[in-house]
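So the structure is just underneath, and the comments pick up after that.
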Amino acid sequence: MKYKKQALTITALLAASYAAAFALFHNELFSAHDIWHQVARLYHYSSVVSAGQFPPRWVAALAHGYGYPLFFFSYHLPWMLGLPLTLNGVSIFTAMRMLFIFGFIASGFSMYSLLLKLTKRPWASLVSAVLYVWAPYHFLSVYVAAAIGTVYLFALIPLLFLAVHLILEKSYRWGISIFAVVLAGSVLTHLMTLAMLFPFVLVFLLVQLVREKESILKSVVFVGATVLGLAIAAFYLIPLIQYLPIISASGEAGGLSDNFQRYFPSLKQLIYSHWGYGPIVSNAKDGEMSLQIGIAQWLAFFGSLLLFTTHLKIKYVKQILSRRYTKIVLGYAILFLLSIYFMLDISLPFWKIAVKMIALDFPFRLLLISVFSGSVLAGLLIANLKPSFLKIFFGVSLIIIALYTSRNHRKVNMYTQYGLEEYVGAETTTNTYHEYLPITANRELLNADEVPETISNNILTKNITLSEPGDVIVHQFVFPGITAKVNGELTEFTTSTDGLIAFSLPAGEFQITVGYEPTKVVVFSEYLSIAALGIIIVVLFLPKKKNT
């Protein structure tokens, strides 16, 4: 009977995920804010890997053929998941749609797994998962913004909290392993958003450790799991940190220094706002797109709050805080409230301090925490209702509310018929502000026509004949790891005033090739990631002991 219930709920979850992703089964791509960026990124990621470089870092064909360090700084995980598709002949457009579809399915099952761990109730787990998949912000991330990094964070965040619960329950083997791998995956999915979300993980952990036995040991384990996760992602993090000071994003030229101030929604918008497909032009409060949390999530929050207060007696606060259920509800309720606070203008002083330490862009990205915590609270509410008919009644009610209020959100604005070459050709760098350009690069070159040199397999080739000794400039930007060969011999070069490779050559005929080779920093970071993955394997296969 137990497995039959789980089979039924999983089937229902698949159906809900299919319905949410239905518009993606069309054979054409769709219009969305970042869809042109994403198509070009998947194309270039696959192309560079096909040329024999993994993980990709430098893309010679970008920036009008001057080269661009896109994957030193941009995310990897969604494109890694797409590689088995593109390298086996699936078109870029189909692979892109399949990645979004898989994102819907993965987010539903990750939420289901978390709630099943917390409640042991398939029905409550299904309610949370459906609310999570059908949240307005989830549909906005796919159909309005095509923000694939956010889409995959939807799938990863529940697993991150699942690992936290495993650590709290002293299931250290799986807790450490899952937390480290999922944290690394989150770093590789959208680092800037993770930097905004991770403090909420810490807040939740601290709430759970109040009056907890072995709190110091659990804290140490959590820190260790965090370090291990960052080590797995070291192949991306270390080069990013090392080379961030030499790109435009490190200063005002990156275009991101005060970007966040335009993206605070109002409380009214978080409760309900009109659905739209337009980008935010000047201010999030103008309402070009909806930034609502979801009616079902709001109801789940207030319902859980009501259930919590029925257990609360001030004189017994200390005893209540030791109760597992109450602490969990309290933890997720605090996350819900804090996420709302930090999305509103009232939190502006905090943001002004935070952006001095790390680049942050959209405060409304915290909608992910609001949607996540609200959906979790829905499952916790259903699991703790008595008698059983109330579980069914309120669960069905929340699902119907979620489906009905988002019924018009699961549509694309329009399907498009552009060719792949149009997507790729229109994307100079795949970044709006070209913020990964080397600081030595002359931005005006991006306004010129594409360079005439041949670029194949991520290598630029230039043939030149000099009747007398002279200076030669090759149309590739200088960046760590860029190497140049003249007639097959590795050759030193200088940097021109435009940030390009420059040589002084004698008279004669020359073939110049410019490519990318990993620097010592990059090689070290890759070995560190491999070693960290090896530690995970060791942890999982250690002899089993009690409380591990």
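The values are calculated or read from the model by the stated rules, or taken from the named source; none is laboratory data. This structure is a prediction, so every number in the text was calculated from the model and none was measured. Methodologically, a virtual Cβ is constructed for each residue, glycine included, from the backbone with ideal geometry; neighbour enumeration extends over all protein chains shown.
Going by what's in this entry, would A532 be described as part of a loop (DSSP other than H, G, I, E, B) and either touching a residue at least 12 places away in the same chain (Cβ under 8 Å) or touching a Gly at 6+ places or on another chain (Cβ under 7 Å) (or both)? Break it down into steps so the answer makes sense when it comes.
Values: part of a loop (DSSP other than H, G, I, E, B): no; either touching a residue at least 12 places away in the same chain (Cβ under 8 Å) or touching a Gly at 6+ places or on another chain (Cβ under 7 Å) (or both): yes.
So A532 does not fit the description; no.
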Selected residue (only one of F503, F479, F524 is aromatic (F, W, Y), surrounded by 11 or more Cβ atoms within 10 Å (Cβ to Cβ) and part of a loop (DSSP other than H, G, I, E, B)): F479
Entirely in region 64-128, the helices (runs of 4 or more DSSP H) that have 3 or more residues that are of a type outside the set (A, V, I, L, M, F, W, C) and farther than 21 Å from V142 by Cα: 92-119
Elements of type helices (runs of 4 or more DSSP H) in region 338-447, at least 3 residues being crowded, with 16+ Cβ neighbours inside 10 Å: 367-383, 388-405
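If I filter region 61-70 for residues that are in contact (Cβ under 8 Å) with a residue 24 or more places away in the chain, in contact with a Gly (Cβ under 6 Å, 6 or more places away or on another chain), surrounded by fewer than 23 Cβ atoms within 10 Å (Cβ to Cβ) and not acidic (D, E), do I get at least one hit?
no
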Residue in region 487-500 that is surrounded by the fewest Cβ atoms within 10 Å (Cβ to Cβ), counting only those that are hydroxyl-bearing (S, T, Y), part of a loop (DSSP other than H, G, I, E, B) and within 37 Å of the chain's Cα centre (by Cα): T497
Residue check, A484 part of a loop (DSSP other than H, G, I, E, B) and crowded, with 20+ Cβ neighbours inside 10 Å: no
Every residue from region 320-342 that is among the aromatic types (F, W, Y) and at pLDDT below 95: Y325
Residue within region 48-59 that is over 20 Å from the mean Cα position of the chain (by Cα), assigned to a helix (DSSP H, G or I), modelled with pLDDT of 95 or more and surrounded by fewer than 21 Cβ atoms within 10 Å (Cβ to Cβ) present: yes
Residue satisfying condition, being under 23 Å from the mean Cα position of the chain (by Cα), surrounded by fewer than 23 Cβ atoms within 10 Å (Cβ to Cβ) and either at pLDDT 95 or above or in a helix (DSSP H, G or I) (or both), within set H37, H44: H37
Tabulated pairs, region 74-94, first closer than 29 Å to Y243 by Cα, second part of a loop (DSSP other than H, G, I, E, B) and β-branched (V, I, T), C-beta under 8 angstrom, 6+ apart or interchain: S74/T430; Y75/T189; L77/T189; P78/T189
Single condition I232 does not satisfy, out of (1) over 30 Å from T519 (Cβ atoms); (2) touching a helix residue (DSSP H, G or I) at 6+ places or on another chain (Cβ under 8 Å); (3) not basic (K, R): (1)
Failed item, numbered, when P122 is tested on (1) surrounded by fewer than 24 Cβ atoms within 10 Å (Cβ to Cβ); (2) under 15 Å from the mean Cα position of the chain (by Cα): (2)
Enumeration of residues in region 506-521 that are surrounded by fewer than 17 Cβ atoms within 10 Å (Cβ to Cβ), in contact with a Pro (Cβ under 8 Å, 6 or more places away or on another chain) and part of a loop (DSSP other than H, G, I, E, B): P506, A507
